[in-house]
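I have placed the structure first, in the form of structure tokens, so that the comments after it can refer back to it.
Please treat every number below as a calculation from the coordinates, not as lab data. Quantities reported herein were computed from a predicted structural model and do not represent experimental measurements. Glycine also receives a Cβ, built like all others from the backbone with ideal geometry; neighbour counts cover every protein chain displayed.
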There are 2 protein chains.
Amino acid sequence: MGTTDTTSPVDVQWLTEAEQQDWRAFRDGTIRLFDVIAHELDSNSGLSPHEYEVLVRLSEAPARTQRMSELADDLAHSRSRLTHTIRRMEERGLVERSACSADARGVNCAMTELGWTTLVAAAPLHVQSVRDHLVDVLTPEQFRALGDAMAAVREHLVSGPCHAATEC
Amino acid sequence: MGTTDTTSPVDVQWLTEAEQQDWRAFRDGTIRLFDVIAHELDSNSGLSPHEYEVLVRLSEAPARTQRMSELADDLAHSRSRLTHTIRRMEERGLVERSACSADARGVNCAMTELGWTTLVAAAPLHVQSVRDHLVDVLTPEQFRALGDAMAAVREHLVSGPCHAATEC
DNA sequence: ACAGTTTGGTTGAGACTTCAACGATGCCTG
DNA sequence: CAGGCATCGTTGAAGTCTCAACCAAACTGT
């Protein structure tokens with residue numbers, strides 16, 4: 001290689017010791033938290049967090065029905081992933097797919113009665129789980145700050161840097 | 001079924017509207033954040049976040065070597081998962097396994113030179129990624145609060161509620 | 001010493017995710 | 001209305017994680 005290597009000795013703004021600790025605490029704590037909550041949700045209801053979220057979104061939608069693509073965008077899932085997830089949930093009778101009258105390409109996904117009762121049964125235990133391991137561990141101010149911070153991060157990701165397939 | 005259904009109408013402490021917003025912001029924001037960072041890390045270095053973490057831990061260990069079980073505990077991975085991950089990394093020449101002299105059951109995992117250079121190459125870009133999407137999006141106070149909060153959550157999970165396979 | 005238990009690590013099967021390729025419909029412009 | 005392009009959703013293969021079963025070595029108490 002030449003004399004002035006322009007690609008390598010990147011002039012990075014490293015993290016300070018304190019920042020590093022905060023970042024690691026955030027990463028580790030979050031991962032472990034999601035792990036526990038996922039595990040409890042699964043053993044209480046047989047649902048994965050993703051499936052639970054699908055049911056929640058559907059429960060809030062008019063006629064408990066939503067287009068696949070909307071669902072995918074809301075959940076920040078790839079379409080492929082959603083298709084697989086919904087197929088499995090359909091096999092278990094939690095949701096049903098049907099053609100979309102407005103757009104022949106589209107597919108509507110509706111919650112079944114079983115899906116509803118499953119969600120209703122799962123929700124209280126899940127909420128308790130979130131309380132036990134997160135909300136009640138923190139002071140109200142801490143929890144509030146957590147929500148605010150991550151809302152800002154989410155906002156920055158969604159709108160900010162030409163996310164994924166958008167031209168700047 | 002009988003008259004007084006004892007199993008169902010659980011007396012749950014539901015989340016308030018505000019709590020729910022904070023929880024959702026935290027969940028969604030975190031998931032999207034990890035997604036982006038993972039994607040950038042992978043496209044910059046071909047490493048997954050898990051693999052990157054393995055290399056970081058090894059780089060900090062004496063002789064850049066650590067026992068499999070320690071590694072698994074540190075990373076909050078199942079032993080099985082770690083075995084799979086390390087096997088793949090070994091095939092790529094990033095780490096090496098060897099018998100543990102002190103404990104014939106044990107296996108030592110050491111970072112290779114390639115592992116080291118891979119980590120060194122990946123680190124600056126990864127740090128920048130974390131800055132871009134998290135640290136620099138927040139005020140120093142917000143970031144600090146985030147770290148503190150999740151440190152408390154982690155502490156509560158690790159030490160608190162007879163985690164997993166420990167009797168209370 | 002020795003059965004019983006615990007710990008360290010691996011394995012294989014099954015479930016889930018990712019990624020690239022695809023078919024089909026809708027939109028847009030000449 | 002035809003051709004080109006974007007969007008909707010599905011599919012299959014390959015990679016990764018989970019879970020239960022397993023072997024081997026190390027403690028434990030007798």
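Below, the figures for the structure above:
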read-out	value
Radius of gyration and Dmax over the Cα atoms of the protein assembly as shown, both given in Å	22.4, 85
Karplus-derived 3J(HN,Hα), 6.51/-1.76/1.60, for each residue of segment B:40-54, Hz, glycine and proline x	5, 4, 4, 6, 7, 9, x, 9, 7, x, 5, 5, 4, 4, 4
B:ALA63-B:ALA99 pseudo-label distance in nm [points 7 Å out on the Cα-to-Cβ vector]	1.5
Around A:ALA122: net Lys/Arg minus Asp/Glu count, Cβ-Cβ under 11 Å	-3
In degrees, nearest ten, helix B:140-159 long axis to first principal axis of chain B (Cα)	90
Expected 222 nm ellipticity per residue - DSSP helices of 4 or more, -39500 (n - 2.57), all of chain A, to 500	-20500 deg cm²/dmol
Extension reserve of the B:HIS50-B:LEU15 stretch, reckoned as 0.36 nm per residue once the Cα distance is removed	9.3 nm
Global geometry of segment A:63-136, whether rounded, prolate or oblate, following the gyration tensor of its Cα atoms and the 1.5 cut on a/c	prolate
Using a 7 Å Cα-to-Cβ projection, B:VAL12 label spacings across copies, nm, ascending	4.3
Where the Cα pairs of segment A:31-158 fall when distances are cut into 5 Å bins, in %	2, 10, 17, 19, 19, 15, 10, 5, 2, 1, 0
Cβ nearest the rotation axis (A onto B), residue from chain A and distance to the nearest whole Å	A:ALA145, 2
Around A:TRP23: net Lys/Arg minus Asp/Glu count, Cβ-Cβ under 14 Å	-3
Whole-number percent relative contact order across segment A:31-158, with pairs defined as alpha carbons under 8 Å at least 6 apart	26
